[in-house]
Amino acid sequence: MMRRARPALLIIVVAIAVAAGLVWIAMRSDQSALPEEESTAEAIMLSQSGEALGTVTLDQRPDHLLFAIDVQGLSPGGHAVVVHAVGACAPDFSAAGGHFSPGETRRGFVHPNWKRDDVYGVHSGDLPNIYAHADGSARADFITNGLTLQAGKLHSLFDVDGSSVLIYADPQGYGERETTGSPVACGVIQPS
């Protein structure tokens, strides 16, 4: 009886060792999917008078970038949120440049033929609207796979001149020629 138990015990020990090895390999492959550069970033949102209005926090995930917006001091209602091509806000937010769009795609989410390609795709910097409560506070989370914190990638927010986030007075209608009013807040995206 003892002789039969030893081979069964050996099989169990080998099976446990193989399972542990597979778990270790799976954990290592998940880690290799994480970005090599900074995995989080933050933009301190300032009004044109320099008053701190809150933060936009960015968290790089393997297949998308998570935006978390927490701001105060806005007028009640909808506000466009747009990533701009330059990491600068002073003196009047014009230093932030145009919308972040490395592929030179068209502005907005909606186009006549509704195609999502290099010619008719959306600006990577066009993000969903946020909505401020009656007290002027707004909190929103959303994801995008059109932007990244990984340096060296085409849609990296950490390119040679950086990037910034602007919040506008009005919401965007998600069309190509929509106006969003003037920017009311700007923050330079910085590694955190």
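Name, by its number, the condition in (1) at pLDDT below 90; (2) surrounded by 14 or more Cβ atoms within 10 Å (Cβ to Cβ); (3) more than 27 Å from SER75 (Cβ to Cβ) that does not hold for VAL122.
(3)
Just checking, which of GLY181, GLY146 is in a loop (DSSP other than H, G, I, E, B) and either more than 18 Å from the chain's Cα centre (by Cα) or not assigned by TED's automatic domain parsing to the domain that holds SER75 (or both)?
That would be GLY181, the only listed residue that is in a loop (DSSP other than H, G, I, E, B) and either more than 18 Å from the chain's Cα centre (by Cα) or not assigned by TED's automatic domain parsing to the domain that holds SER75 (or both).
Taking the residues in segment 82-117 that are under 30 Å from SER49 (Cβ atoms), modelled with pLDDT under 85 and under 19 Å from the mean Cα position of the chain (by Cα) as candidates, determine which candidate is surrounded by the most Cβ atoms within 10 Å (Cβ to Cβ).
PHE100
The values are calculated or read from the model by the stated rules, or taken from the named source; none is laboratory data. Every value quoted in this text rests on a predicted model; they were computed, and no experiment measured them. Virtual Cβ from ideal backbone geometry, glycine too; neighbours counted across all protein chains shown.
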